[in-house]
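Notes for the one structure printed next.
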Amino acid sequence: MKAEKNAVLTGAHFIDGDHAACEGAIAAGCKFVAGYPITPSTEVIERIALRFPLVGGVFIQMEDEIASSIAIQGAVWAGKKAMTVTSGPGFSLMMEHIGYAAITETPCVFINVQRSGPSTGLPTLPAQADMMQARWGSHGDYEVIAIVPNSPQECFDLTIRAFNLAEEYRVPVLVMMDECVGHMTEKVVIPEADQIDIVERKFTKKPPGEYKMFETNESMVPEMIKVGDGYRMHLTGLTHDERGYPAMSPKVQQKMLRRLVDKILLNEEKIRHIEEDEVEGADIVVISYGITSRVVLPAIKKAREDGLKVGHIRLLTVWPFPEAYIRDLAKRVSAFVVPELNLGQIVHEVERCAAGHAVTRLVPHAGGAVHEPVDIYDAIKGVLEHA
Amino acid sequence: MHEQQTATAEVPEVKNPVESLLRMDRMPHIWCPGCGIGTTVNCFARALEQSKVDLDKTAIVSGIGCTGRVAGYLNLDSFHTTHGRAIPFATGLKLANPDLKIVVYSGDGDLFAIGGNHFIHAARRNVDMTVICVNNLIYGMTGGQVAPTTPVTAKGTTYPYGSYDPPFNLPFLADSSGAVYVARWTVYHVHHVTKAIKEAILHRGFSFVEIISPCPTLYSRRNRLGDGLDQMKFYQENSEIRHGANTKDVDIDFQKKIIVGKFVERERKTYRQLMNEHLTSVFGEQYTKYEG
Ligand SMILES: Cc1ncc(C[n+]2csc(CCOP(=O)(O)OP(=O)(O)O)c2C)c(N)n1
Ligand code: SF4
Ligand SMILES: [Mg+2]
């Protein structure tokens with residue numbers, strides 16, 4: 001499927017990441033947005049509110065983020081593509097409904113324009129400190145997909161990808177922006193509608209009676225239906241069997257949960273989105289994501305000028321974590337350097353996958369600004385000395 | 001059902017007249033003997049039949065609690081959501097497909113404690129949906145803690161010496177938040193309940209029906225009020241029908257008179273009507289009316 005022509009603002013624009021993410025959502029076919037204002041994400045919903053009346057979408061400003069994060073799921077079951085948008089405090093309020101989307105396999109998109117925390121923190125300043133919350137914030141075991149743009153162009157492109165992945169895997173997809181990327185203005189090229197690939201919802205062709213809500217084949221992703229088509233469906237956040245009926249047994253729990261997790265983890269390689277730069281033959285590899293992936297560039301350049309063999313991996317999809325890839329790479333390099341705008345989150349994943357084969361060094365930052373490139377440079381220079 | 005109890009309900013032998021509206025493959029249900037929730041479901045099913053709405057275009061949304069289980073027993077598109085969030089889920093459903101009839105069916109704690117904020121906002125917006133609250137004056141599912149509806153002096157496990165936490169007057173709350181239809185009945189008044197639900201479903205806008213219902217297992221027993229039947233007798237003897245009563249005057253005191261009736265019936269434009277009219281006035285032909 002290709003994007004809807006009248007929804008796509010084809011052309012070159014000079015807009016910020018928040019606005020670009022809004023355009024990405026619209027191009028992806030999003031027709032329902034519920035949100036609650038919070039800096040630095042508000043511009044996304046403001047632009048949605050401006051644009052939606054002319055592209056057949058409905059925006060509603062809800063009473064809070066709890067309401068927003070469940071209203072979108074109602075809209076999805078009515079047949080729409082839907083998203084909500086927030087930042088730290090609002091993201092915390094949405095956690096229960098990320099779990100609800102995971103267990104009910106409701107395809108939807110959450111944008112989190114990260115700011116510094118905890119609590120109200122630094123409302124107008126950047127951080128990348130919700131990365132673990134994105135993965136683990138709701139209770140229980142589950143998997144999500146989290147993608148991390150580093151430019152307004154990517155806010156556009158990757159928001160489309162988020163909607164596509166949500167439909168393909170029936171999973172909540174989290175677009176983990178940060179204040180810098182959200183508020184940075186750059187050129188964004190929006191292609192012709194017929195150049196934009198859209199994944200449509202896979203509605204079942206089975207008639208009511210034959211269809212089972214959570215029956216799957218090898219794809220591990222059940223086909224969907226929508227309300228009002230005569231299926232008389234039942235959806236619950238309780239552990240459920242293939243019919244979607246509650247079933248309070250460890251056996252059903254094991255089967256359901258295993259599939260919810262496997263449909264993502266066993267497809268990790270397909271979902272994987274990484275950019276590599278001079279990784280082959282590298283001694284030290286910098287692993288970065290989001291705004292930090294731009295801040296590392298001068299540091300890497302300088303270290304290379306010093307004669308060090310430095311590679312760079314940029315994670316555009318952080319969850320599911322590219323575990324197999326890092327495990328494999330760890331055997332071929334000496335060290336990983338992981339700068340993040342937090343006091344250590346994704347570095348734990350890298351260290352776990354490195355499993356002692358490569359030294360792993362965090363370059364922390366408490367947030368509120370980006371790293372000084374020199375701190376990253378020093379970490380690259382020092383990582384093998386103090387190993 | 002209290003979480004620690006096992007189901008004891010018997011499978012009925014005579015064919016239930018509302019069977020086609022129930023998911024018989026999920027029977028027996030989990031509710032305790034003497035619980036009022038089943039009675040309300042019976043009334044609801046009859047009201048749906050009488051209202052002649054298209055059942056394939058009717059969705060029911062529940063939160064969490066004993067009453068929250070209602071959605072799962074009805075043979076409709078049905079949603080068992082999260083605690084307190086049935087109304088915002090239903091708001092998304094309705095706005096995304098305006099052709100649907102939406103009924104939210106949940107407990108007093110679910111709708112008015114954790115979900116209270118959503119209730120007043122949906123009423124304020126006049127989102128077209130019917131909210132049915134089974135008010136048993138207690139948290140049933142979690143074992144008899146007080147709710148924001150528990151009358152002062154009644155006992156719950158978290159107020160073991162009797163509650164001093166002032167309760168809500170639900171019809172007044174609904175009325176002042178903007179609901180266009182507000183009624184209260186008890187499970188003793190099965191015909192009135194059925195009629196009220198039917199009227200509420202057919203009345204465009206945010207309608208609210210409160211049904212006072214016994215929780216013999218947790219509320220009545222702890223407060224020495226007898227079993228489900230004793231509660232029915234109490235409702236029979238102590239209810240006073242007062243249609244059009246000022247909702248300010250209908251609060252519930254412990255074991256005192258219960259004012260029942262249809263309190264509010266009025267017209268207001270729904271959220272979607274307002275949206276479509278306003279955006280059409282701004283954009284004219286350019287505006288794609290949000291019809292579904
Ligand atoms: C977020 C959250 N908090 C608490 C609970 C536990 N809980 C389940 S049902 C319930 C209260 C239900 O009371 P009510 O809505 O009156 O329903 P009833 O069981 O009385 O019908 C509570 C507190 C929960 N499921 N989720
Ligand atoms: S409301 Fe009370 S009587 Fe009814 S099922 Fe729950 S615990 Fe049992
Ligand atoms: Mg209750």
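Overview of values
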item	result
Search result, residues across segment B:99-118 that are away from ligand 2 (no atom under 16 Å from the Cβ), outside any helix (DSSP H, G or I) and under 16 Å from the mean Cα position of the chain (by Cα)	B:101, B:102, B:103, B:104, B:115
Test result for residue B:114, β-branched (Val, Ile, Thr), within 20 Å of residue B:35 (Cα to Cα) and within 16 Å of ligand 3 (Cβ to nearest atom)	no
Complete set of residues in segment B:147-162 that are surrounded by fewer than 24 Cβ atoms within 10 Å (Cβ to Cβ) and either in contact with a His (Cβ under 6 Å, 6 or more places away or on another chain) or under 13 Å from residue B:223 (Cα atoms) (or both)	B:151, B:152, B:153, B:154, B:155, B:156, B:157, B:159, B:160, B:161, B:162
Members of segment B:31-58 found to be without any contact (Cβ under 8 Å) to a residue 60 or more places away in the chain and touching a Phe, Trp or Tyr at 6+ places or on another chain (Cβ under 9 Å), listed by number	B:38, B:41, B:56
Enumerated helices (runs of 4 or more DSSP H) restricted to segment A:54-125, each holding at least 2 residues that are within 11 Å of chain B (Cβ to nearest Cβ) and more than 18 Å from residue A:28 (Cβ to Cβ)	A:65-77, A:95-104
Segment A:105-132: number of residues that are in contact with a Ser or Thr (Cβ under 8 Å, 6 or more places away or on another chain), surrounded by fewer than 24 Cβ atoms within 10 Å (Cβ to Cβ) and under 29 Å from residue A:202 (Cα atoms)	0
Filter result for residue B:61 (among the β-branched types (Val, Ile, Thr), outside any helix (DSSP H, G or I) and in contact with a Phe, Trp or Tyr (Cβ under 9 Å, 6 or more places away or on another chain))	yes
Those residues of segment B:59-72 which are closer than 21 Å to residue A:229 by Cβ and either without any contact (Cβ under 8 Å) to a residue 40 or more places away in the chain or within 14 Å of ligand 2 (Cβ to nearest atom) (or both), in sequence order	B:62, B:71, B:72
Wholly enclosed strands (runs of 3 or more DSSP E) of segment B:119-216 bearing at least 1 residues within 14 Å of another protein chain (Cβ to nearest Cβ), among the β-branched types (Val, Ile, Thr) and more than 16 Å from ligand 2 (Cβ to nearest atom)	none
Residue in segment B:79-98 that is within 25 Å of residue B:138 (Cβ to Cβ), within 16 Å of ligand 2 (Cβ to nearest atom) and at the interface with chain A (Cβ under 7 Å from one of its Cβ atoms) present	yes
Index of the failed condition, residue A:200 passing every other in (1) part of a loop (DSSP other than H, G, I, E, B); (2) more than 28 Å from residue A:11 (Cα to Cα)	(2)
Residue count for segment A:168-197, restricted to those that are among the hydrophobic types (A, V, I, L, M, F, W, C), part of a strand (DSSP E or B) and closer than 26 Å to residue A:127 by Cα	6
Filtered residues of segment B:42-72 (kept if surrounded by fewer than 23 Cβ atoms within 10 Å (Cβ to Cβ) and in contact with a helix residue (DSSP H, G or I) (Cβ under 6 Å, 6 or more places away or on another chain))	B:46, B:50, B:51
Selection within segment B:201-227 - farther than 17 Å from residue B:105 by Cβ, surrounded by 23 or more Cβ atoms within 10 Å (Cβ to Cβ) and more than 15 Å from ligand 1 (Cβ to nearest atom)	B:205
Whichever residue in segment B:99-118 is farther than 20 Å from residue B:188 by Cα and small (Gly, Ala, Ser) and, among such residues, is farthest from the other protein chains (Cβ to nearest Cβ)	B:109
Subset tally (residues that are part of a helix (DSSP H, G or I) and more than 7 Å from every other protein chain (Cβ to nearest Cβ)) for segment A:30-53	11
Restricting segment B:73-128 to residues that are within 14 Å of ligand 1 (Cβ to nearest atom) and β-branched (Val, Ile, Thr), the residue that is surrounded by the fewest Cβ atoms within 10 Å (Cβ to Cβ)	B:114
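Each value in this text was obtained by applying a stated rule to the coordinates, not by laboratory testing. Owing to the predicted nature of the structure, the values given are computational and were not obtained by experimental measurement. With ideal geometry, Cβ positions are generated from the backbone for all residues, glycine too; neighbour counts draw on all protein chains shown.
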